[in-house]
Amino acid sequence: MEMPGRIPVAENLSRVKRKIAIISGKGGVGKSTVAANLALGLAMEGKQVGLLDLDLHGPNIPKLLGVEDKLLTIEDNKIKPVLLGENLKIVSVGFLLKEKGTPIIWRGPIKMRAIEQLLGEVDWGDCDYLIIDLPPGTGDEALSLVQLIGKLDGFIVVTTPQEVALLDVEKAVNFAKELNIPIIGIIENMSGFKCPHCGNEINLFGKNGGKEAAQKWNLNFLGQIPFDPQIVEWSDKGLSFLRHAPHSEASKTFSNVIEFLLKEGWVTEKH
């Protein structure tokens with residue numbers, strides 16, 4: 001697909017009200033699941049939402065939302081996002097791969113240019129929120145995003161309950177401080193598994209690591225998402241548990257986080 005000419009990123013995103021990046025200190029914590037469901041939940045509340053998958057080497061957003069067979073197109077010299085319903089616009093490098101298992105082998109400058117295109121050459125239009133799914137860690141993609149976007153409203157940090165999560169959150173916190181980006185809050189994923197036979201909670205990955213990290217760095221703790229096999233089942237099918245399991249504990253946590261974001265008066269660091 002031939003790409004259109006360059007447009008300054010700030011100009012192209014001028015009609016986006018809030019820009020929020022989802023970040024984690026390491027991989028395997030469910031960051032993309034959080035990003036996908038936050039974006040979908042905001043759209044279900046009637047907000048105009050963009051979802052940008054910047055996990056260039058592991059673009060899972062199309063699979064999670066059941067749109068992996070879609071393709072990006074160009075219209076009026078702008079890249080058109082894939083639409084999910086009327087309110088959610090999705091862009092991912094995954095839409096550009098001829099085969100889903102094709103690896104992306106790019107050096108830093110090429111990744112920088114790709115991120116610039118996804119921010120500056122996509123027809124994001126009017127958006128209340130742009131949710132950006134970053135790759136794990138604090139590498140090129142996260143730094144390029146901050147350099148290009150100008151004003152990022154904040155990071156949401158996703159972590160898991162074990163004590164080692166404190167170290168991973170610390171990396172994300174220090175990264176945000178170095179770049180002068182506020183942290184909106186911390187979400188603890190995979191937080192306890194309720195046995196379907198006895199009903200007791202089993203802490204497969206430890207307990208309260210994300211909550212303790214939020215207390216240590218004086219940040220908002222946005223909630224705990226339990227380890228729920230339904231999340232895995234629905235995600236593998238490309239279906240959102242927000243829609244198909246709305247009364248689950250995971251959906252309730254996401255609803256609380258979405259309600260927090262909708263308030264628009266975030267206190268990103270509590271003193």
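Every number in this text was worked out from the coordinates using simple rules, so none of it is lab data. These figures come from a predicted structure and were not determined experimentally. Using ideal geometry, Cβ is built from the backbone for each residue, glycine included, and neighbour counts are taken over all protein chains shown.
Summary table below
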read-out	value
Label-point gap, in nm, between R15 and N180 - each point 7 angstrom along Cα→Cβ	3.0
For the chain, calculated [θ]222 nm from helices alone, where every DSSP H run of n ≥ 4 adds -39500 (n - 2.57)	-10000 deg cm²/dmol
W106, W217 arranged by Cβ crowding within 10 Å, fewest neighbours leading	W106, W217
Beta bridge orientation in the chain: antiparallel %, DSSP, nearest 5	20
Estimated FRET transfer efficiency (T73, K237; beta-carbon r; R0 25 Å; 0.05)	0.45
Cα convex hull volume per residue for the chain (Å³)	127
Fewest-first sequence of V91, V232, V82 by Cβ atoms within 10 Å of each Cβ	V232, V82, V91
Rounded, prolate or oblate (a/c below 1.5 giving rounded, otherwise prolate when a/b exceeds b/c) for the range 8-118 by Cα gyration tensor	rounded
Modelled FRET efficiency - R0 45 Å, K80 with F221, Cβ distances, 0.05 increments	0.75
Nitroxide proxy distance, nm - points 7 Å out along Cα→Cβ at E163 and K252	3.0
